[in-house]
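The values are calculated or read from the model by the stated rules, or taken from the named source; none is laboratory data. Computed from a predicted model, the values in this text were never measured in an experiment. Neighbour counts are summed over all protein chains in view; Cβ atoms, including those assigned to glycine, are modelled from backbone coordinates with ideal geometry. Note: accessible area is taken over every heavy atom of the protein model, side chains too, but ligands, DNA and RNA are not part of it. Shrake-Rupley method; radii C 1.70, N 1.55, O 1.52, S 1.80 Å.
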Amino acid sequence: MLLYVFIIALALLVAWLHKLNRDYCVMAFFAKRLKTVDGTPLERVVPQAKAETIFGNVFDYFGANNVALFDSCRISAANLKKSYVEYALFTTFYNVITAEDAELLLNDKNLLTKGIAYYFLEPFLQTGLLTSGGKKWYTRRKMLTPAFHFNILGQFEDVFKEESQKFVDQCKNLDKSSITLNEIIPKFTLNSVCDAALGVKLDEQLDDQQYRESFKMIEEAFIARISNPFYMIDAIYNVFMAPKMEKHLRTVHEFSSNIIHKRRQLFAAKLEHSPTGQEKEDNFAKKKRYSMLDTLLHAERDGLIDHAGICEEVDTFMFEGFDTTSMALIFTLMNLSLYQEMQEQCYQEILECVEDDLQKLDVNVLGKLKYLECFIKETLRLYPSVPGIMRKVMQDTSLANNVFLPAGTEISIHIFDIQRDPRYFPEPNKFDPSRFTPENSEGRHPYAYIPFSAAQRNCIGQKFAMLEMKTLLVYILKDFRILPLMDPKDLQFESGIILRTPNAIKIKLQERI
C-alpha cells in the first residue's frame with residue numbers, strides 16, 4: 001500500500017514539475033524562462049547556450065579561470081550568432097550580442113536599473129552614478145552633467161598637458177628597449193583624474209600604489225562572484241570572501257576620503273577670501289579649474305547631497321575614469337607599435353596640425369586630429385575598456401523583437417561581441433581605422449559601436465577620456481617612435497569589470513631625432 005502511495009505521489013510530483021518547467025527552468029533552481037510575445041517557440045528567436053550539465057547553465061563557468069571564462073562567452077556568441085539565453089542559479093540571463101537588440105534594450109525606459117554585476121560592486125562604490133537607479137540616479141546625473149560640459153573640459157587640458165609632459169620625461173629615463181605599459185600608464189591616468197576631475201594633486205600622503213593594488217583585489221572578488229554560483233549568494237560570500245576584502249575596501253575608501261578632505265579645504269579657503277554669495281563661487285570657477293568635486297561640494301552647501309553621497313560619486317569616478325582609460329591607452333599604444341604605417345600617418349597629422357610649442361595645444365587643435373581619433377575609435381572597437389554592461393528587468397517586459405522578459409531577468413549586453421559583428425564591420429578582427437571616416441560610418445547601425453554605452457545611461461565622462469587620451473598620444477608621438485615587442489596573435493583576455501590581458505603589454509620606444 002505504501003509503495004502505491006509513493007508511486008502516485010512521485011507521479012504527481014513529476015507531473016507538477018513538468019508543468020512548472022514551462023515557466024521555470026526547474027533544473028536551474030527555478031530560473032524563470034524567457035518566452036516569446038506571440039507564443040512562437042523561443043528557440044526560433046532566442047537560442048539557449050549549450051549547457052554543460054543537467055542543471056541548465058548553473059555550473060558552466062564553475063572553476064574556470066578568467067581567460068577561460070572570457071573565451072566561453074565568445075564561443076557562445078560565435079556559435080549562436082544571435083542574442084541567447086542562459087539559465088543560471090535562480091536567475092535567467094538574456095545575453096545580447098546584436099546592435100538591434102542592444103538598441104531596443106538601452107532605449108527602453110523600463111530597463112534603466114543596473115544588473116546583478118553592479119550589485120556586486122556596491123561594497124566598493126555604494127550607490128553612486130554607476131550603480132544607482134530611479135530618482136537617485138536621475139538627480140545625480142543632472143547634478144554632475146554640467147561638470148563635463150565642453151567649456152569645462154577645456155579647463156582640464158592644462159592638467160593633461162602637464163601630466164603628459166611628466167610621462168614623456170619619465171619614459172626618457174627608462175630602459176626604452178622594453179617599456180611595460182601596465183606599470184606606467186595607470187600612474188598617468190590616476191594622476192590626471194585626481195587633478196583634473198577632483199582638483200587634487202597626488203603626493204606622498206596619498207598612496208596611489210596601494211590604491212591600485214587594492215583596486216585589483218576588489219576586481220578579483222567581483223570575478224569570483226560572477227563565475228562561482230555559490231559566491232552569488234550573499235550569505236556564503238559574506239562568510240568566506242567578504243572578510244578578506246575589508247582591508248582593500250578600507251584602502252580605496254580612505255584614499256578617496258583623503259582627496260575629498262584636501263579639496264574641501266581648498267574650496268572653503270577660496271570661498272572665504274572671495275566676495276560673498278553666488279559671486280564667490282563664480283569667481284572661484286573663473287580663477288581656478290572648477291572640478292567635478294567642486295560641483296559636488298557646491299551641491300553639499302545647497303543641501304542637495306551629503307558627505308556620504310560625495311564619497312559615492314568620487315569612488316565611482318575614480319573607478320570609471322582611472323582604469324578604463326588606462327586600458328584604452330595601453331591597447332592604443334600597443335596598436336601604434338603593431339601598425340607602423342598607421343602610426344606614421346598619426347605622426348604626420350600631428351606635425352601638420354600641432355605647433356612645436358605643445359603649451360599651445362588645446363581642445364580645438366585636438367579636434368583637428370581626425371585620423372588619430374579614428375585610430376583610437378578602432379582600438380576601442382576591438383578592445384572596449386568595458387566589454388559588457390548589464391540591466392535588470394524590474395517588471396515583466398515585452399520587446400519589439402518578440403521576446404518577453406519576466407521580472408528578475410538579468411540582461412548582459414556584450415559590447416565586445418556587438419562591436420565585432422561582420423554585418424557592420426567586415427573582417428571584424430582586422431584593425432582598420434578607416435572604418436570610422438565619415439563616409440565609411442554612414443549608414444552603420446548607431447548601436448554597432450558603443451564603447452561608452454549609449455542612450456540615457458551612457459558614460460558621462462567619455463569626452464573627458466577622449467581628450468585625455470589624445471593629449472598623451474600627441475606628446476608621445478612627438479617625441480618617440482613606438483616599436484612592437486609582442487605578437488597580437490598571442491593576445492588573450494580575462495573576464496572582469498575591465499578588459500584585461502593576463503600578461504603585461506610591452507612596447508619599445510625610440511626617440512625621434
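Odds and ends about this structure:
Listed here are the residues, each with its yes/no results for (1) within 30 Å of S76 (Cα to Cα); (2) free of Cβ contacts under 8 Å to residues at least 12 places away in the same chain.
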site	(1), (2)
I411	yes, no
P426	yes, yes
N440	yes, yes
F480	no, no
Q492	yes, no
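- Candidates are the residues of segment 390-406 that are over 11 Å from L34 (Cβ atoms) and in contact with a Lys or Arg (Cβ under 8 Å, 6 or more places away or on another chain); the one that is most open to solvent (accessible area, probe 1.4 Å) is K392.
- Within segment 314-327, the set of residues being at pLDDT 90 or above and in contact with a helix residue (DSSP H, G or I) (Cβ under 6 Å, 6 or more places away or on another chain) comprises V314, D315, T316, T325, S326.
- Residue list for segment 175-211, filter: in contact (Cβ under 8 Å) with a residue 60 or more places away in the chain and not in a helix (DSSP H, G or I): K176, S177, S178, I179, T180, A197, L198, G199, V200
To keep it simple, each residue is scored yes or no on (1) buried (at least 18 other Cβ atoms within 10 Å of the Cβ); (2) touching a Lys or Arg at 6+ places or on another chain (Cβ under 9 Å); (3) over 19 Å from I179 (Cβ atoms).
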{"position": "P422", "(1), (2), (3)": "no, no, yes"}
{"position": "N429", "(1), (2), (3)": "no, yes, yes"}
{"position": "P433", "(1), (2), (3)": "yes, yes, yes"}
{"position": "E442", "(1), (2), (3)": "no, no, yes"}
{"position": "A448", "(1), (2), (3)": "yes, yes, yes"}
{"position": "N458", "(1), (2), (3)": "no, no, yes"}
{"position": "L472", "(1), (2), (3)": "yes, no, no"}
{"position": "L485", "(1), (2), (3)": "no, yes, no"}
{"position": "D490", "(1), (2), (3)": "no, no, no"}
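- Condition met for I482 (in a loop (DSSP other than H, G, I, E, B) and among the hydrophobic types (A, V, I, L, M, F, W, C)): no
- Residue within segment 168-176 that is of a type in the set (S, T, N, Q), over 23 Å from the mean Cα position of the chain (by Cα) and loosely packed, with under 15 Cβ neighbours inside 10 Å present: yes
- Being in a loop (DSSP other than H, G, I, E, B) and either open to solvent by 60 Å² or more (accessible area, probe 1.4 Å) or at pLDDT 90 or above (or both) is a property that holds for N57.
- Residue match in segment 8-17 (condition: in a loop (DSSP other than H, G, I, E, B), at pLDDT below 90 and open to solvent by less than 80 Å² (accessible area, probe 1.4 Å)): no
- Number of the exception - L304 against (1) in contact (Cβ under 8 Å) with a residue 40 or more places away in the chain; (2) part of a helix (DSSP H, G or I); (3) open to solvent by 50 Å² or more (accessible area, probe 1.4 Å): (2)
- Residue, nearest to L34 (Cα to Cα), within segment 409-449, restricted to residues that are in a loop (DSSP other than H, G, I, E, B) and of a type in the set (S, T, N, Q): T409
- Filter pass, E100 being of a type in the set (D, E, K, R) and either in contact with a strand residue (DSSP E or B) (Cβ under 8 Å, 6 or more places away or on another chain) or crowded, with 16+ Cβ neighbours inside 10 Å (or both): yes
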